[in-house]
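Trainee: Below is a structure I'd like to ask you about.
The values are calculated or read from the model by the stated rules, or taken from the named source; none is laboratory data. Computed from a prediction, not measured in an experiment: that's the story for all the values here. Positions of Cβ are backbone-derived with ideal geometry, glycine not excepted, and every protein chain shown enters the neighbour counts. The accessibility values were calculated without ligands, DNA or RNA, using every heavy atom of the protein model including side chains. Shrake-Rupley method; radii C 1.70, N 1.55, O 1.52, S 1.80 Å.
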Amino acid sequence: MRRTGKIMQVAFTYIGTVVGAGFATGQEILQFYTRYGSAAAFTIGLSCLFFTWIGIKIMLMAHRLEAQSYEDLNRILFGERIGNYVSLFTMIVLFGVTTIMLAGAGSLFKEQLNMSYQAGLLLTIIFSYLVLTRGIQGILVVNSIVVPVMMIFSVIVVWSTLSLPNAGQWLQLSTDSSAWRVWFSPFLYSAFNLAMAQAVLVPLGSAIRDRSVLFWGGLIGGIGIGVMLLAAHIALAARMPDIAQFEIPMGQIIRHLGPVIQLLYVFVIFGEIFTTFIADAYGLTLQLEQRTRISRTQGIVLILAVSYLVSQIGFSKLLSVLYPLFGGVSLLWLIMMLFPRRRRTYTL
């Protein structure tokens, strides 16, 4: 039973790291999958394959190499020179996503709970500090609470969709997009999220001594991400094309389920933002600890303080500028993971 609990902790942490604000609001699923019609079911399956295969691969590599952070893994996998570039890029991306998640939390508090933007930022930072000072164990515990709630809401959303006249539209939806764009989309989505997930998957792989726990945790986590993607896609497709006009399409779906469910969903969105935020901040802290002489606690304070300052720019501005850039460059990382330089030694 204890081993099963560890497997589920790994799976939930993997899911919580990948699932962020864009996923919770429905915008990511809409932009990367649903708008491409019936082919989205197949492209979601392709993404699920990547999340399962590469997620397991990252954790088992980190376990074998005893890598303490993604920098250790990148240097060994890609060589010293290229690995340094990959790690530097990852560090920049992680910081960008960290500030975006923090800004998203502030916007959520302001728009949905009628609190000030600054209050949202400060509360998120305080909660994050309490979790991050407990290390990887704190992250495991938070995800073990938040992710099951996310999955329950996925079931609720799909269940509410089944009674609609267009419930089966996800199998018939058409698109005007080219085949190239349709099939490029899952590569872009998977590359970006896997490149970010290594911030937690690497130290997780190193911390857990049982390889089978990592394997099954990665398998369940990867499949779980795919199932949640498909559930959201089914719900969104049944309400196309009208649902595409909303900034938070999932919020419109939840609104019809009553004010109590709608309020609970706001906290689910915050939970999804929070799990991604602490995962990326933790990865940054580990690399900062390796590259400088400051302690882990000092690194946590520094990362949270700088993230707070940059998040003053605002959620939408950060999102529109940074995400397209990061997504494109992350494809290089995915290609290097699929075809590593030291293939014989480190393939899965």
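Trainee: Among the residues of region 292-305, write down those that are open to solvent by 20 Å² or more (accessible area, probe 1.4 Å) and either in contact (Cβ under 8 Å) with a residue 60 or more places away in the chain or in contact with an Asp or Glu (Cβ under 6 Å, 6 or more places away or on another chain) (or both).
Mentor: Within region 292-305, Arg296, Thr297, Val301 qualify.
Trainee: Please verify whether region 172-188 includes one or more residues that are of a type in the set (D, E, K, R), assigned to a helix (DSSP H, G or I) and open to solvent by 10 Å² or more (accessible area, probe 1.4 Å).
Mentor: Yes; the residues of region 172-188 include at least one that is of a type in the set (D, E, K, R), assigned to a helix (DSSP H, G or I) and open to solvent by 10 Å² or more (accessible area, probe 1.4 Å).
Conditions tested, residue by residue: (1) closer than 28 Å to Arg211 by Cα; (2) open to solvent by less than 10 Å² (accessible area, probe 1.4 Å).
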site	(1), (2)
Ala62	yes, yes
Gln68	yes, no
Ile92	no, no
Ala103	no, yes
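Trainee: A follow-up question, please. Identify all residues within region 271-283 that are crowded, with 24+ Cβ neighbours inside 10 Å and not acidic (Asp, Glu); write none if there are none.
Mentor: Across region 271-283, the qualifying residues are Ile273, Phe274, Thr275, Thr276, Phe277, Ile278, Ala279, Ala281, Tyr282, Gly283.
Trainee: Quick check on this structure: which one of Ser185, Ser190 is more than 23 Å from Asp72 (Cα to Cα), hydroxyl-bearing (Ser, Thr, Tyr) and modelled with pLDDT under 90?
Mentor: Answer to the selection: Ser185.
Trainee: Can you tell me how many residues within region 121-161 are more than 22 Å from Val310 (Cα to Cα) and in a helix (DSSP H, G or I)?
Mentor: Residues in region 121-161 being more than 22 Å from Val310 (Cα to Cα) and in a helix (DSSP H, G or I): 27 in total.
Trainee: Restricting attention to region 124-139, which residues are within 18 Å of Gly20 (Cβ to Cβ) and not polar (S, T, N, Q)?
Mentor: Ile125, Phe127, Val131, Leu132, Ile139
Trainee: From the list Gly5, Gly79, exactly one residue is free of Cβ contacts under 8 Å to residues at least 12 places away in the same chain, more than 20 Å from the chain's Cα centre (by Cα) and surrounded by fewer than 22 Cβ atoms within 10 Å (Cβ to Cβ). Which is it?
Mentor: Numbers: Gly79 fails: free of Cβ contacts under 8 Å to residues at least 12 places away in the same chain.
Only one candidate qualifies: Gly5.
Trainee: Okay, moving on. Name the single residue that is farthest from Gly251 (Cα to Cα) among those in region 111-147 being surrounded by 14 or more Cβ atoms within 10 Å (Cβ to Cβ) and small (Gly, Ala, Ser).
Mentor: Gly135
Trainee: Go through region 30-42 and count every residue that is closer than 11 Å to Thr175 by Cβ and more than 17 Å from the chain's Cα centre (by Cα). Spell out how you get there, then give the answer.
Mentor: As a first pass, look at region 30-42 and keep what is closer than 11 Å to Thr175 by Cβ: 33-40.
Adding the requirement that they be more than 17 Å from the chain's Cα centre (by Cα) leaves 34-40.
Counting residues in region 30-42 that are closer than 11 Å to Thr175 by Cβ and more than 17 Å from the chain's Cα centre (by Cα) gives 7.
Trainee: Which of the residues belonging to region 189-227 are under 24 Å from Phe32 (Cα atoms) and surrounded by fewer than 22 Cβ atoms within 10 Å (Cβ to Cβ)?
Mentor: Once the filter is applied, which keeps residues that are under 24 Å from Phe32 (Cα atoms) and surrounded by fewer than 22 Cβ atoms within 10 Å (Cβ to Cβ), region 189-227 yields Leu219, Ile220, Ile223, Gly226, Val227.
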